[in-house]
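K.L.:
Let me give you the structure first, and then I'll get to my questions.
The values are calculated or read from the model by the stated rules, or taken from the named source; none is laboratory data. The structure presented is a predicted model; accordingly, all values stated were derived computationally and were not measured. Cβ placement follows ideal geometry from the backbone for every residue including glycine, while neighbour counts extend to all protein chains displayed.
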Amino acid sequence: MTSVAARSDTPETLFATPQIVADRRADGSIWLKSTVPLQASARCVGDWLEQWAQRAPQRIFLGERGNADRPWTTVTYGDALRQVRSVASWILAQGMSVDRPLVVLSDNSIDHALFALAALHVGVPVAAVSPAYSLIAKDYDKLKSMIALLDPGAIYVTNLKAFAPAVAAIASVHRAIIVSGEAAPGGVAIAFRTLAATAESDAVAKAFATVGPDTIAKFLFTSGSTGTPKAVINTQRMMTTSQQAKAQVWPFLDRADEELVFLDWLPWSHTFGANHNFNMVLRNGGTLYIDGGKPAPGLFATSLANLKSVMPTVYFNVPRGFDMLIGALREDDALRRRFFTEVKAVFYAGAALPQNLWEALEDMSMKTIGRALPMVSAWGSTETAPLATDCHFQAQRSGNIGVPIPGTDLKLVPSGDKLEVRVRGPNVTPGYWKAPDQTKAAFDEDGFYLIGDAVTFADPARPELGLFFDGRVAEDFKLTSGTWVSVGTLRVNGIAALAPLAQDIVVTGHGGDHVRFLVFPNIAACRALAALTDDASVEDVLGSGTVRMAIANGLAKLKAQSGGSAGHATRALLLTEMPSVDCGEITDKGYVNQRAVIARRAAEVAILDDESASARWVGCAGL
């Protein structure tokens with residue numbers, strides 16, 4: 001790799017220095033907060049659009065393209081505001097309200113963004129539902145429950161043909177107007193262009209003036225892995241204060257001479273893609289190019305083509321995306337040089353970045369530009385809009401989720417040998433829509449949201465050095481020895497030890513003597529290692545002696561690194577069926593729900609303890 005001149009951007013010039021205090025209480029809890037006050041935030045999201053349409057009307061706000069061979073279709077801030085006001089006029093004419101919100105079933109697109117912003121502009125909530133519930137699901141039960149709960153006034157789909165089965169399946173549970181990207185024969189749906197051509201009415205300005213911090217802006221659904229998805233209320237205040245805090249810990253966002261360009265695929269049905277990334281662009285007058293690809297077989301090539309066309313100033317992705325990016329950067333010298341010279345920082349979220357990927361990025365950066373590109377992360381949930389902590393400094397290793405953002409307090413409560421973390425602040429949801437009992441149960445006596453995660457200090461004596469995610473409290477379990485298994489930590493370590501053969505891992509062994517792994521394999525990597533052709537079955541690939549030996553050696557590597565029986569698995573089972581959306585095993589961000597997989601795949605879990613089934617599982621080499 002050839003070195004090139006390094007940029008002057010460093011963590012010290014990009015980010016604010018953490019200023020954190022830890023109040024250790026008599027009951028054993030630790031209350032953490034930033035000593036930096038949260039500054040005043042915007043009244044509502046619509047103020048950001050109004051501001052940038054006035055200050056930079058010709059600046060590109062959004063861009064998209066159908067495939068890598070086409071030019072980008074763009075919309076400026078000025079054009080966006082004009083269309084938003086027109087669509088808002090149509091929304092008000094339909095009598096839509098908090099009780100008749102807008103539902104979007106489709107992927108990210110310019111029309112999706114404009115429709116959603118129009119609803120937000122006049123105080124009508126938006127509920128973007130993961131397209132997986134419409135396009136991948138087979139029974140539509142969860143989609144029906146979401147639609148019935150919301151009773152929407154309008155439902156938007158980009159392509160009516162693709163969504164026809166889902167639209168038909170939910171027809172009996174709503175009375176909404178269907179809007180699509182293009183007109184449908186027989187009046188089945190209204191074309192979005194018709195809405196955008198509506199004459200602006202005086203009612204829009206009046207409605208916009210009534211929108212305030214407490215106005216409900218969105219309903220974002222939880223994964224529903226343990227039942228019907230819950231609709232999380234997101235207020236305007238939650239979103240605007242989250243972005244204000246982000247600007248304070250990332251001060252380069254407010255610099256007039258900084259160009260902010262994002263290329264992002266993360267879905268707006270999730271808080272990370274919508275409230276964190278999209279809103280960061282809008283709040284700071286940046287440009288968002290919507291990436292039609294994603295880190296999945298057959299789709300990542302689109303992401304790479306888009307990356308060659310538009311290099312972002314900050315690169316966002318989930319761990320699987322970084323895994324695929326690293327391979328591409330190694331093979332493309334020009335792309336690698338451009339990436340490390342033009343990107344200010346990389347940001348990973350959705351799950352912890354395996355240490356092997358962290359080290360690979362760091363090594364490649366050092367060899368390309370002579371320094372490590374800042375790698376940062378954050379932590380939160382749908383209920384925290386999503387920012388609760390931010391790692392606005394260069395951590396020493398992967399997994400550091402940072403420190404509380406200005407205005408947000410954390411309470412760390414001893415739970416077994418862990419610290420359960422709870423959140424309180426203006427970015428926290430007031431509750432779940434039409435679910436008072438679930439809302440009441442979600443908060444403790446001090447008003448902290450019970451997020452269900454555990455954390456540990458990088459250094460208990462220096463809270464400003466950040467926290468590490470320490471798994472879900474409900475996911476951890478004990479072995480018969482009485483030793484606790486930290487599922488979140490072991491999952492990440494296991495993926496690194498089995499790299500590149502494990503796409504994800506589910507940790508099992510509850511109540512047993514040993515830890516076991518259910519492994520969702522990286523079929524492409526396994527196929528390459530086995531040297532089998534594309535027509536070879538998945539069973540043949542995973543049954544390859546070469547693949548099995550590599551898994552056995554990976555388990556042995558993990559055992560050598562661990563300090564005891566809770567830090568490694570003695571057996572692994574390679575799964576031929578990928579995680580199911582219908583059964584809540586995975587979200588479209590790629591997060592695998594441990595409990596849902598274990599519950600659904602009890603038979604596979606049992607195989608790992610069956611000595612007579614040794615031909616199916618792989619044991620740790622040397623055991």
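K.L.:
Among the residues of the stretch 442-486, what is the count of those that are over 21 Å from the mean Cα position of the chain (by Cα), outside any strand (DSSP E or B) and farther than 28 Å from Pro18 by Cα?
P.N.:
Of all residues in the stretch 442-486, those over 21 Å from the mean Cα position of the chain (by Cα) come to 442-448, 456-465, 476-486.
From what's left, outside any strand (DSSP E or B): 442, 444-448, 458-465, 476, 479-483, 486.
Cutting the leftovers down to farther than 28 Å from Pro18 by Cα gives us 442, 445, 476, 479-483.
Looking only at that region, the number is 8.
K.L.:
Further, regarding this structure: Kindly state which helices (runs of 4 or more DSSP H) lie completely within the stretch 151-251 and contain at least 1 residues that are touching a strand residue (DSSP E or B) at 6+ places or on another chain (Cβ under 7 Å) and closer than 21 Å to Ser41 by Cα. Lay out the reasoning, then the answer.
P.N.:
Working: elements: 160-169, 192-196, 202-210, 236-249.
Output list reads 236-249.
K.L.:
Take the conditions out of contact with any helix residue (DSSP H, G or I) (no Cβ under 8 Å at 6 or more places or on another chain), in contact (Cβ under 8 Å) with a residue 40 or more places away in the chain, surrounded by fewer than 24 Cβ atoms within 10 Å (Cβ to Cβ) and of a type in the set (Gly, Ala, Ser) and apply them to Ser398. Does it pass? I'd like the intermediate steps shown before the answer.
P.N.:
Numbers: out of contact with any helix residue (DSSP H, G or I) (no Cβ under 8 Å at 6 or more places or on another chain): no; in contact (Cβ under 8 Å) with a residue 40 or more places away in the chain: yes; surrounded by fewer than 24 Cβ atoms within 10 Å (Cβ to Cβ): yes; of a type in the set (Gly, Ala, Ser): yes.
No.
This table checks each residue for (1) free of Cβ contacts under 8 Å to residues at least 60 places away in the same chain; (2) more than 24 Å from Ala42 (Cβ to Cβ); (3) outside any helix (DSSP H, G or I).
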residue	(1), (2), (3)
Glu359	yes, yes, no
Met364	no, yes, no
Leu373	yes, yes, yes
Gly407	no, no, yes
Lys434	no, yes, yes
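K.L.:
I'd like to verify a number: residues in the stretch 584-611 that are of a type outside the set (Gly, Ala, Ser) and free of Cβ contacts under 8 Å to residues at least 40 places away in the same chain, how many? Before you say what the answer is, go through the steps one by one.
P.N.:
Taking the stretch 584-611 as the starting set, the residues that turn out to be of a type outside the set (Gly, Ala, Ser) are 585-589, 591-595, 597-598, 600-601, 604-605, 607-611.
With the extra rule that they be free of Cβ contacts under 8 Å to residues at least 40 places away in the same chain, the set shrinks to 586, 600, 607, 610-611.
Matching residues across the stretch 584-611 total 5.
K.L.:
Evaluate the following for Thr313: is it at pLDDT 95 or above, touching a helix residue (DSSP H, G or I) at 6+ places or on another chain (Cβ under 9 Å) and surrounded by fewer than 24 Cβ atoms within 10 Å (Cβ to Cβ)? Break it down stepwise before answering.
P.N.:
Numbers: at pLDDT 95 or above: yes; touching a helix residue (DSSP H, G or I) at 6+ places or on another chain (Cβ under 9 Å): yes; surrounded by fewer than 24 Cβ atoms within 10 Å (Cβ to Cβ): yes.
Against the criterion (at pLDDT 95 or above, touching a helix residue (DSSP H, G or I) at 6+ places or on another chain (Cβ under 9 Å) and surrounded by fewer than 24 Cβ atoms within 10 Å (Cβ to Cβ)), Thr313 qualifies.
K.L.:
Applying the selection to the stretch 66-83, what residues are touching a strand residue (DSSP E or B) at 6+ places or on another chain (Cβ under 6 Å) and touching a residue at least 40 places away in the same chain (Cβ under 8 Å)?
P.N.:
Trp72, Tyr77
K.L.:
Which number in (1) free of Cβ contacts under 8 Å to residues at least 60 places away in the same chain; (2) touching a helix residue (DSSP H, G or I) at 6+ places or on another chain (Cβ under 6 Å) marks the one condition that Thr439 misses?
P.N.:
Checking Thr439 against (1) free of Cβ contacts under 8 Å to residues at least 60 places away in the same chain; (2) touching a helix residue (DSSP H, G or I) at 6+ places or on another chain (Cβ under 6 Å), the one that fails is (2).
K.L.:
Right, another one. Any residue at all in the stretch 100-122 that's in the same structural domain as Gly181 (by TED's automatic domain parsing), surrounded by fewer than 24 Cβ atoms within 10 Å (Cβ to Cβ), on the phi > 0 side of the Ramachandran plot and among the small types (Gly, Ala, Ser)?
P.N.:
Looking through the stretch 100-122, none of the residues is in the same structural domain as Gly181 (by TED's automatic domain parsing), surrounded by fewer than 24 Cβ atoms within 10 Å (Cβ to Cβ), on the phi > 0 side of the Ramachandran plot and among the small types (Gly, Ala, Ser).
K.L.:
Condition test on Gly273, is it over 21 Å from Gln54 (Cβ atoms), among the small types (Gly, Ala, Ser) and assigned to a loop (DSSP other than H, G, I, E, B)? So that I can check it myself, show each step before the final result.
P.N.:
On the way: over 21 Å from Gln54 (Cβ atoms): yes; among the small types (Gly, Ala, Ser): yes; assigned to a loop (DSSP other than H, G, I, E, B): no.
When the stated conditions are applied, Gly273 does not pass them.
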